[in-house]
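Student: I have a structure I would like to understand better, so I am pasting it below and will then ask my questions one at a time.
The values are calculated or read from the model by the stated rules, or taken from the named source; none is laboratory data. Because the structure is predicted, anything quoted here is derived from the model rather than measured. Because the Cβ atoms are built from the backbone with ideal geometry, glycine has one as well, and the counts that use them run over all protein chains shown. Remember, those area values only see protein heavy atoms, side chains included, never the ligands or the DNA or RNA. Shrake-Rupley method; radii C 1.70, N 1.55, O 1.52, S 1.80 Å.
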Amino acid sequence: MKPGVVTGDALLELFAYCKQVDCAMPAVNVIGSHGANAALAAAREAKAPVIVQLSHTGSQFYGGKSLDNSAQKASIAGSVAGALHVRAVAEAYGVPVVLHTDHCAKKLLPWVDGVIAAGEAYFAKHGEPLFSSHMLDLSEQPIEENLEISKKYLARIAKMRMTLEIELGVTGGEEDGVDNSGVEHSKLYTSPEDVLRAYDTLGPVGSFTVAASFGNTHGVYAAGNVKLKPSILRDSQEFVKAQRKTGDEPLNFVFHGGSGSTAEEIAEAVSYGVIKMNIDTDTQWAFTDPIKKYMDEKDAYLKSQLGNPEGPDKPNKKFIDPRVWVQLGEKGMTARLVQAFKELGSFGKFEF
Ligand SMILES: [Zn+2]
């Protein structure tokens, strides 16, 4: 693989390779250049491509929380800024990177509309899209509407050889993520029939990936509260294969809510054709934890600009400089991502 942003056919080849060797890429949510740099550093250490993604609010934060976000202006600008930053530095890190936008519900479509428009302008100039892929999360709508809108967007971005991620069923959330174990075949568990409908609707239009629900939940919860059923992914692959006479694993699955999952659960999901696992809560913690420790340890040096245990006039500049502690956060995030590469089986499985 070549360092830089992976788009078009190269991305499809990357997905196919992941399934062939049973590995997946971590997709990390970033809210600023520090997170993007930490992700690229992790990819360099793991010798594997990474997916850098921006959520709606992450994009807004990237653009700056003081910006007016009416008509999604700040979120659109932040997404574009994040993508351009990654494009500017990816080759310096020497790693391949996939650029993606995360969950976009129906009411947020103007955000992705704006990002796609910016991508089309970029494509006209450079012959490749700004982002590699976008996600629409219309899982709250009826499936007919979900697939109808997804199809329309896929038709638009397929012209730039981009991939669309869709969501079927609902990823459990922070509020309702506790003890869903009794809710069989509800929206928390995608049905193979729905996956087939997506395959039939979107397959002829372009490249797509499916965030299928198998009890996965955003956030980290105490053990036992989340009942994962990765076999839903296997059953869906086999159902589509049998119904449409395809080869093995016709679908590319995405694992949302990877934080807090065990290595065994991750490996099982990957073995059923998961090519991307989203990780956010765990990398948030990995970023904040070392900063908290630093602030605690250096407490006496962080009370004022002058004066610490070594003397009342001693300057504290080198302790106060945000680069010192932001870098500790970055290092923590990088280390956590390297662990994710190992659990996803992608550590060292690539050449670039
Ligand atoms: Zn998600």
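Student: Among DSSP beta bridges whose residues both lie in the chain, state the antiparallel percentage, nearest 5.
Tutor: On the way: 3 of 33 bridges.
Bridges in the chain are about 10 percent antiparallel.
Student: Still on this structure, I have one more. Carbon and sulfur: what percent of the chain's accessible surface (1.4 Å probe)?
Tutor: Working: 8410 of 15590 Å².
In the chain, the share of accessible area belonging to carbon and sulfur is 54 percent.
Student: I would also like to ask the following. Counting only protein chains, not ligands or nucleic acids, how are Glu13, Glu193, Glu167 ordered by accessible area (probe 1.4 Å), most first? Don't skip to the end; give the middle numbers.
Tutor: Values: Glu13 130, Glu193 100, Glu167 5 Å².
Largest accessible area first, the list is Glu13, Glu193, Glu167.
Student: What is the sum of charges around Cys23, taking Lys and Arg as +1, Asp and Glu as -1, for the other residues whose C-beta is under 15 Å from the C-beta of Cys23?
Tutor: Result for the local shell: -1.
Student: Here's a follow-up. Could you work out how much longer the chain between Arg87 and Asp9 gets when fully extended? Use 0.36 nm per residue separation minus the Cα distance between them, nm to one decimal.
Tutor: Details: separation 78, 0.36 × 78 = 28.08 nm, distance 1.82 nm.
Value of the extension gain: 26.3 nm.
Student: Would you work out which of Ala198, Thr283, Leu84 lies farthest towards the positive end of the dipole of the chain, given +1 charges on the beta-carbon of Lys and Arg and -1 on that of Asp and Glu, about the Cα centre?
Tutor: It is Leu84.
Student: Can you list residues whose amide H is under 5 Å from Ser346's amide H, if they're 5+ apart or on another chain and H is modeled 1.01 Å from N?
Tutor: Ala24
Student: Still on this structure, please answer the following. Using the Cα centre of the chain as the reference point, and only Cβ charges (+1 on K/R, -1 on D/E), how large is the resulting charge dipole? Debye, rounded to the nearest 20. Can you show the working numbers first?
Tutor: Numbers: 36 positive and 44 negative charges, 222 e Å.
It comes to approximately 1060 debye.
Student: Pick from Pro204, Pro192, Pro309: which is most flexible by mean-square fluctuation in a GNM of the chain where alpha carbon atoms under 10 Å apart are linked?
Tutor: Most flexible of the set in this elastic network: Pro309.
Student: So what is the 222 nm mean residue ellipticity for the chain from helices alone, if each DSSP H run of at least 4 adds -39500 (n - 2.57) and you divide by all residues, rounding to the nearest 500 deg cm²/dmol? Don't jump to the answer; show the numbers that get you there.
Tutor: Numbers: 12 runs with 167 residues, N = 352.
Calculated mean residue ellipticity at 222 nm is -15500 deg cm²/dmol.
Student: Another one. Rank by packing, highest mean first: peptides 117-123, 292-298, with packing defined as the count of other Cβ atoms within 10 Å averaged across residues.
Tutor: Highest-to-lowest ranking by the protection proxy: 117-123, 292-298.
Student: Averaging the inverse of every distinct alpha carbon separation and then flipping it gives the Kirkwood radius. What is it for the chain, in angstrom units?
Tutor: Values: mean 1/r = 0.0479 Å⁻¹.
This gives a value of 20.9 Å.
Student: Taking H as built 1.01 Å from N, whose amide H comes closer than 5 Å to the amide H of Asp137, not counting residues under 5 places away?
Tutor: Cys104, Ala105
Student: Follow-up. How much accessible area does Met162 have with a 1.4 Å probe, in Å² rounded to the nearest 10?
Tutor: 10 Å²
Student: Could you list, in their original order, any pairs among Lys159/Lys245; Lys2/Lys331; Lys19/Lys276 whose Cα atoms are separated by more than 20 Å? It would help to have the intermediate numbers written out before the result.
Tutor: Numbers: Lys159/Lys245 27 Å; Lys2/Lys331 25 Å; Lys19/Lys276 10 Å.
Table pairs above 20 Å Cα-Cα are Lys159/Lys245; Lys2/Lys331.
Student: Based on alpha-carbon atoms only, what is the radius of gyration of region 38-144 relative to the globular estimate 2.2 N^0.38 Å? Show your work: numbers first, answer last.
Tutor: Details: Rg = 14.5 Å, N = 107, 2.2 N^0.38 = 13.0 Å.
After normalising by residue count via 2.2 N^0.38 Å, the value is 1.11.
Student: How big is the shadow of the Cα convex hull of region 1-88, averaged over all directions, in nm²? Could the numbers behind the result be given before it?
Tutor: On the way: hull surface 24.7 nm².
That works out to 6.2 nm², a quarter of the Cα hull's surface.
Student: In degrees from 0 to 90, rounded to the nearest 10, what is the angle of the helix 143-158 Cα long axis to the longest principal axis of the chain?
Tutor: The two axes meet at around 70 degrees.
Student: Applying the Karplus parametrisation 6.51 cos²θ - 1.76 cosθ + 1.60 with θ = phi - 60° to the phi angles of region 268-278, what ³J(HN,Hα) value in whole Hz is obtained for each residue in order, glycine and proline being reported as x?
Tutor: Each residue of region 268-278 in turn: 5, 4, 4, 5, 9, x, 7, 10, 8, 10, 7 Hz.
Student: Also, I was wondering about something else. Can you list the aspartates and glutamates whose alpha carbon sits under 16 Å from that of Lys73, skipping same-chain ones fewer than 8 residues off?
Tutor: Lys73 reaches Asp113.
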